[in-house]
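Step one of this worksheet: look at the structure below.
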Amino acid sequence: MSIVTVQLGQCGNQIGHEVFSTLCSDIRGTHGLCSKKENESYQDSCKERFFCEEESGAPVARAVLVDMEPKVISQTLSMAASSGHWKYSSHSHFCQQQGSGNNWANGYSVHGPRHKEAILNLVQKEAEKCERLGGFFTTMSVAGGTGSGLGAFVSQCLRDAFPTSFILNHVVWPYGTGEVIVQNYNSVLTLSHLYHSSDALLVHENDVIHKICARLMNIKQISFRDVNQVIAHQLGSVFQPTHTAGGGSGYSRNPLGDLLEPLVPHPELRMLGLRNIPQMPQSSLAYSTFSWPGLIKHLRQILIANAHMEEGIDWQVRPPQAGSSIPSTNKPLHFNTSIANLVILRGKDVHSVDLGSFQDPSLYTSWLNPRDAFNAWKTPRAFNKYEKSAALVSNSQFLLKPLDSIVGKAWNMFASKAYLHQYTKFGIQEEDFLDCFTTLEQVISSYTNL
Amino acid sequence: MTQSVVVQVGQCGNQVGCRFWDLALREHAAVNKKGIYDEALSSFFRNVDTRSGDNGPDIYKGKIRSLKARALLIDMEEGVVNEILQGPLRDVFDSKQLITDVSGSGNNWAVGHKIYGSQYRENIVEKLRKTAEHCDCLQCFFIIHSMGGGTGSGLGTFVLNLLEEEFPEVYRFVTSVYPSGEDDVITSPYNSVLAMKELNEHADCVLPVENESLFEIVNKIHQMINSGKLGSTVKQNSLVTSSAGSAKTLQEKPFDAMNNIVANLLLNLTSSARFEGSLNMDLNEISMNLVPFPRLHYLVSSLTPLYTLADVNVPSRRLDQMFSDAFSRDHQLIQADPKHSLYLACALLVRGNVQVSDLRRNIERLKPSLHFVSWNQEGWKTGLCSVPPVGHSHSLLALANNTCVKPTFMELKDRFMKLYKKKAHLHHYLQIDGMEQSCFSEAISSLSDLIEEYNELDATKDGPRIDPSRLKIAV
């Protein structure tokens, strides 16, 4: 099954490019550590999922690029083409001249309706190229104007046009200390709208990835390109072909469905976080060895203690005592309660790995059977030169604090009415803001009371 | 890619504008080695085939033939514009972009605004339309003028009004040179306050500049060069005040160095819109992020570094120094100290080889010493443009919406009141058709209201921080 990617705005396009780049270099690599047959099957599956073959032979990404100003798209197209290994179709992008001015209302109420037909046409064309459409993957930031505003509008249109397809929104949350002053407004407006139209939100936070770059990747002068490459690696580790639990011998034919159905059992709770282990500079890979028990132990503690990476984990945090029935309101505050988790293992000796520790009922809310709440996918083919790697996609309280912080800051600004005239002039009124705040307070409350 | 049109009005406006076009050509020449007319160039220049005369067609792609500035030059005396047309920039402007008269405005806002305004209205509108038609996607008008005289101040604000009426969707950024206390034009307070009312009501963003500050910056640079304290030599064309390497070959006049600073301000402001970067910052984003309430649209600017030493290696310490300087009093383009006043919002536009981590590190470092308004504690807007200015490896433009503009406005008000109480020189204004006493009282009341808005914000500065309570949701 194929996934159509929609890259929205500067961030979406920059990340989208890194993702396709990573996927392509992974399948071209010879570090599969598995049988030739397995490797070929993996390559074919990845190509079917993300690329389509053109007569010239170079794989063409199944993607639609959207931006309201031309510089980023033109850079993205040329970077892909100059790689020599893959490219974007020359007919799958849409751009305008003026940009959205970091104004969500401009992106949503002006650009959205104005360009809806053109954009949806492009998406339709890409969808038709797929023999079997597995769903849509959109990527955008929530801080600016195009990715956030136009992105929210396009996402809604996708839902209306493809009511039975899966839609996964990958969203990037900006640095806490400001890239854009009105980023909190834009974030609140985007997240509340996406909540109504998408199947799930897969979230990356710039602050977190920045720390990974600084501490694990040893990068001195971190650029956005570095951040995007870490994000691409994490996404690749989830979306490259895998064997799912009951999938038989082949790779999963329904990647988005297999991901979303177990992880989003309740419509109120659809924010997913991503963690990945190990992460290190490519140059150190050859000198490092890992053991699965060690990796799994760290990954589990990352989940429980709400850590961001394998360094600086708080090992003091423990799940509440197994066997005692503690009501959810008494659980220790810094313990991260999960609704559902998915662990994806890739590489050497995956089938010997014991994931029993993730099935501990004390990790989860009481209303789901832990057998349903936890899923594992194991694939012998190694990913991106890592001999062993594990990814965790988690529907848990990972994002509760950052979300609460964004809503708090936005509310603070809203109370003083600052910048509201910039939104009202494009048709977003105070009542619209209040509706969005209400939606998100509801989400916060649902996650708090797990 | 969008286009911008520069409207330079009056003696000061045209002199600064002239420096701007000179430096813009220099900047694009340094970046555009192949001589191809690209999108970056098209933001400020048209490409015209002049073999068939001045009315040649516009060429949108391919080699550069003849670059014409997207500009309108307006002055009610001919001297300055004539000089520009005889100088090395004569081929950059064509005759259809000029509006001149002979006798000047006599340092009288009313003459500029009311008399010349109505006289030249149609002419100006027609020329603006022509310029706009040559643009694929016109995003912004830049007006350059001074506040203290008659033409720049009066006719300049008349044009501002006109732009709002005729092109309501296009942004209006105004660079205004404010008179200093020792200005030799006696009526400059009247002219400035009358102009302020127009700026309050019709501009999207105003970048005030004071001659005193420019003068101090120029002096500082001269001192540094002449004192011999610097170990290595300063790269000549890296001075923010210099025009070395540009088209001008004549003797530099005294105001040239100061005007170059303002020209550089405009170049840096538009750099992220013209050139690529990892975090673009377009002009519409500047207006969106820095103007929390419609009338509070006065932005204090600072440019660093002022010069570059000849070493190639730039340790990050020097990079950090660049950030610190941007917030110091002596780098601001008006006499103000943003560090000790209240920030409503701040934008940092970095050019050159600087990454997001450098930006973050410096924001973290400087934040504790700055006061931000309670509802915008993280009020930073950042932009990263990969192309540095000529002669530098990196540079920083800081734009602050800060209550430190208040003293400038209060002094202006005081100087105005000193004259107004005695009714000094009022008759020169009131005898002009269309001018009444109410024009003055409305203008001063507009200024007073603006000052009051800043006062109210300042009052919140040191008070206790009480966050408003959040919405309660039924569980």
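Every number in this text was worked out from the coordinates using simple rules, so none of it is lab data. Predicted model only: the values in this text are computed from it and were never measured. Here the Cβ is made from the backbone with ideal geometry for all residues, glycine too, and neighbour counts use every protein chain on show.
Annotations for the structure displayed:
- Simple point charges give the picture: +1 on the Cβ of Lys and Arg, -1 on the Cβ of Asp and Glu, and for segment B:61-118 a dipole about the Cα centre of about 580 debye.
- A full extension of the chain between A:N218 and A:K417 corresponds to an added length of 67.4 nm, given 0.36 nm per residue minus the alpha carbon distance.
- For the residues of A:407-420, the average number of beta carbons from a partner chain within 10 Å of their own beta carbon is 5.
- Only Lys, Arg, Asp and Glu carry charge here, each on its Cβ (+1 for the first two, -1 for the last two); on that basis chain A has a dipole of about 780 debye about its Cα centre.
- Stokes-Einstein diffusion of chain B at 10 °C, 1.306 mPa s viscosity, Kirkwood radius from Cα pairs, rounded to a whole number: 69 µm²/s.
- In segment B:1-103, lysine pairs closer than 18 Å at Cα, eight or more apart or cross-chain: 5
- Listed by chain and number, the lysines placed with their C-alpha closer than 17 angstrom to that of B:K114 are B:K197; residues fewer than eight positions away on the same chain are left out.
- Prolate/oblate/rounded label for segment A:401-449 (Cα gyration tensor, a/c 1.5): prolate
- Taking Lys and Arg as +1 and Asp and Glu as -1, the other residues whose beta-carbon sits under 13 Å from that of B:S341 total +1.
- Range in chain A, longest, excluding exposed GluC sites (Glu not before Pro) [loop by DSSP; at most 10 other beta-carbon atoms within 10 Å]: A:132-450
- Segment B:152-204: GluC sites (Glu not before Pro) in DSSP loop, at most 14 other beta carbons within 10 Å: B:E169, B:E182
- The average projected area of segment A:18-90, computed from the convex hull of its Cα atoms over all directions, is 5.2 nm².
- Volume per residue that the Cα convex hull of segment B:1-157 spans, once the total is divided by residue count, Å³: 105
- Listed by chain and number, the lysines whose alpha-carbon sits under 26 Å from that of B:K220, ignoring those within fewer than 8 places in the same chain, are B:K229, B:K235, B:K248, B:K253, B:K339, B:K406.
- Whether segment B:88-135 is rounded, prolate or oblate, judged on the alpha carbon gyration tensor where a/c under 1.5 counts as rounded: oblate
- Among B:357-364, B:257-264, the peptide with the highest mean count of other Cβ atoms within 10 Å heads the list, and the full ranking is B:257-264, B:357-364.
- Above-threshold pairs, the threshold being 26 Å between Cα atoms, out of A:K87/A:K129; A:K87/A:K348; A:K211/A:K297; A:K409/B:K461; B:K127/B:K381; A:K297/A:K385: A:K87/A:K348; B:K127/B:K381
- Equivalent ellipsoid dimensions for segment B:407-460 as semi-axes, Å, which come from the Cα gyration tensor, largest first: 26, 12, 6
- The mean count of C-beta atoms from other chains within 10 Å of the C-beta of residues in B:359-367, rounded to a whole number, is 2.
- Taken about its Cα centre, segment B:407-460 carries a charge dipole of roughly 500 debye when the Cβ of each Lys and Arg holds +1 and the Cβ of each Asp and Glu holds -1.
- Within segment B:50-152, GluC sites (Glu not before Pro) in DSSP loop having at most 15 other beta-carbon neighbours inside 10 Å: B:E78
- Calculated SAXS-style log₁₀ I(q)/I(0) at q = 0.09 Å⁻¹ - the protein assembly as shown, Debye, Cα scatterers: -0.96
- Within chain A, helix-based [θ] at 222 nm, where runs of 4 or more DSSP H residues each add -39,500 (n - 2.57), nearest 500: -13000 deg cm²/dmol
- Counting, for every residue in A:90-100, the Cβ atoms of other protein chains within 10 Å of its Cβ and taking the mean gives 3.
- P(r) tail fraction, chain A - alpha-carbon pairs more than 37 Å apart, %: 21
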